[in-house]
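Encoded as structure tokens, the structure appears first; notes follow it.
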Amino acid sequence: MASAMTNPLLQVDNLNMYFPVREGLMLRAKTFNRAVDGVSLQINPGETLGLVGESGCGKSTLGRCIARLYKPSAGTIRFQGEDITHMSARALRPFRQNIQMIFQDPMESLNARHTVGDILAEPFIVQGIGDSAFRSKRVAELLNTVGLPARSATRYPFEFSGGQRQRIGIARAIALNPKLVICDEPVSALDVSIQSQILNLLVDLQSEFNLSYLFIAHDLAVVKHISDRVAVMYLGNIVETADSEIIYRDAKHPYTQSLIAAIPVPDPQRRAQRIIIQGDVPSAINPPTGCHFHPRCPRAEARCKAEKPVLRELGNTQFAACHLASG
Ligand code: SF4
């Protein structure tokens, strides 16, 4: 785990990603989908930040902004102290080595017409690293690192199981020795037994290569075992953040509490005490007034509808955006 005194590897401040919603004959943008709306966070070297929330909360969009697959609408992204928010594709090239992504569906992210060897050699070709012999050697090493035989290089993605394909996706992500890997729901599409194998692989790779992870999931149970800290996102905003151990023991925001309550437990008494939230995440085009969570919150008061809560420090590394939260 990284020390609190370390300079952050990644620093995100007041980040917005608004997508225009075009309407009418002239396709003018009259409204915006505020997928990410004023998010600040940091990740230290060697640290894993779990980013959790239901589908449609803006987690993947935030991850793609940090990887600069999207150009943010406002705010700043600093990587190792350097502002990469508005860098051109050419200026970004050295940073692309250091910030990589693992996607939910490796079948979609791996080119089905290329062999695994070609897929794993591609990052070296794009960055102009090494000759053909070097690339073949690195491909074999990468396959070995993620637990696949070297002969996999001559096969195609469709010849592998879902878990094996995710191993190939991971091998591609670590090919250039990145410092930060954004894992976007990397185990959501896998069977439970395979999920733990992939999570264990990610943990082993982290200690071997001193990787930092932004680990995105819709399920708090998945991030529990891998995260040093957890940030909970709701409708484009971070609503709670704390060290992993604290957030699972003493969550302050009703939304976080409901996500924790959704983790399956064998104890019937604890099941009975659960707070189950109703309904779906509202649209980010026209979010609810005040606290965006108020239409679904079991504790909402009149003030919640009128006044948006800010993310406040409650002590002990914990921050929450709720009028009623106290340390
Ligand atoms: Fe619920 Fe109000 Fe807190 Fe929002 S501010 S989470 S509506 S109690």
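Annotations
Condition check ((1) buried (at least 20 other Cβ atoms within 10 Å of the Cβ); (2) assigned by TED's automatic domain parsing to the domain that holds Gly81; (3) not charged (D, E, K, R)) across all residues:
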site: Glu122; (1), (2), (3): no, no, no
site: Gln127; (1), (2), (3): no, no, yes
site: Ala150; (1), (2), (3): no, no, yes
site: Tyr156; (1), (2), (3): no, no, yes
site: Leu214; (1), (2), (3): yes, yes, yes
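- A search for C-beta distances below 8 Å between a residue of segment 284-305 that is within 19 Å of Thr256 (Cβ to Cβ) and among the basic types (Lys, Arg) and any residue that is within 9 Å of the ligand (Cβ to nearest atom) and in a loop (DSSP other than H, G, I, E, B), counting only pairs 6+ apart in sequence or on different chains, returns Arg299/Leu324.
- When Lys224 is tested against (1) under 15 Å from the mean Cα position of the chain (by Cα); (2) within 16 Å of the ligand (Cβ to nearest atom), only condition (2) is not met.
- Among the residues of segment 175-198, those identified as aliphatic (A, V, I, L, M) and out of contact with any strand residue (DSSP E or B) (no Cβ under 9 Å at 6 or more places or on another chain) are Ala189, Leu190, Val192, Ile194, Ile198.
- Looking only at residues of segment 1-43 that are part of a loop (DSSP other than H, G, I, E, B) and not aliphatic (A, V, I, L, M), we find that the one that is modelled with the lowest pLDDT is Ser3.
- Looking only at residues in segment 258-281 that are modelled with pLDDT of 80 or more and more than 22 Å from Val36 (Cα to Cα), the one that is farthest from the ligand (Cβ to nearest atom) is Ile263.
- All conditions but one from (1) more than 22 Å from the chain's Cα centre (by Cα); (2) assigned to a strand (DSSP E or B) apply to Met101; the one that does not is (1).
- Check on Gly56, at positive phi, touching a Leu at 6+ places or on another chain (Cβ under 9 Å) and assigned to a strand (DSSP E or B): no
- All conditions in (1) assigned to a helix (DSSP H, G or I); (2) surrounded by fewer than 16 Cβ atoms within 10 Å (Cβ to Cβ); (3) assigned by TED's automatic domain parsing to the domain that holds Val223 hold for Thr61, with the sole exception of (2).
- Among the residues making up segment 215-257, those that are modelled with pLDDT under 95, part of a loop (DSSP other than H, G, I, E, B) and more than 22 Å from Pro288 (Cβ to Cβ) are Asp219, His225, Ile226.
- Scanning segment 81-99 for residues being closer than 26 Å to Asp37 by Cβ and in contact with a Leu (Cβ under 7 Å, 6 or more places away or on another chain) gives a total of 2.
- For segment 185-206, a residue qualifies if it is over 14 Å from Ala217 (Cα atoms) and not in a helix (DSSP H, G or I), and exactly one does: Asp191.
- Unique match (being modelled with pLDDT of 95 or more, at positive phi and not in a loop (DSSP other than H, G, I, E, B)) among Gly46, Gly50, Gly75: Gly75
- Residue in segment 302-320 that is touching a helix residue (DSSP H, G or I) at 6+ places or on another chain (Cβ under 7 Å), more than 11 Å from the ligand (Cβ to nearest atom) and modelled with pLDDT of 95 or more present: yes
- Residues of segment 178-190 include at least one that is without any contact (Cβ under 8 Å) to a residue 40 or more places away in the chain and either of a type outside the set (Phe, Trp, Tyr) or closer than 30 Å to Gly279 by Cα (or both).
- Complete set of residues in segment 282-301 that are among the aliphatic types (A, V, I, L, M) and near the ligand (Cβ under 8 Å from one of its atoms): Ala300
- Remark: Leu41 falls outside the filter, which requires a residue to be crowded, with 21+ Cβ neighbours inside 10 Å and aliphatic (A, V, I, L, M).
The values are calculated or read from the model by the stated rules, or taken from the named source; none is laboratory data. In this text the structure is predicted, and so the values were computed from the model without any measurement. Heads up, the Cβs are rebuilt from the backbone with ideal geometry, glycines too, and the neighbour counts pull from every protein chain shown.
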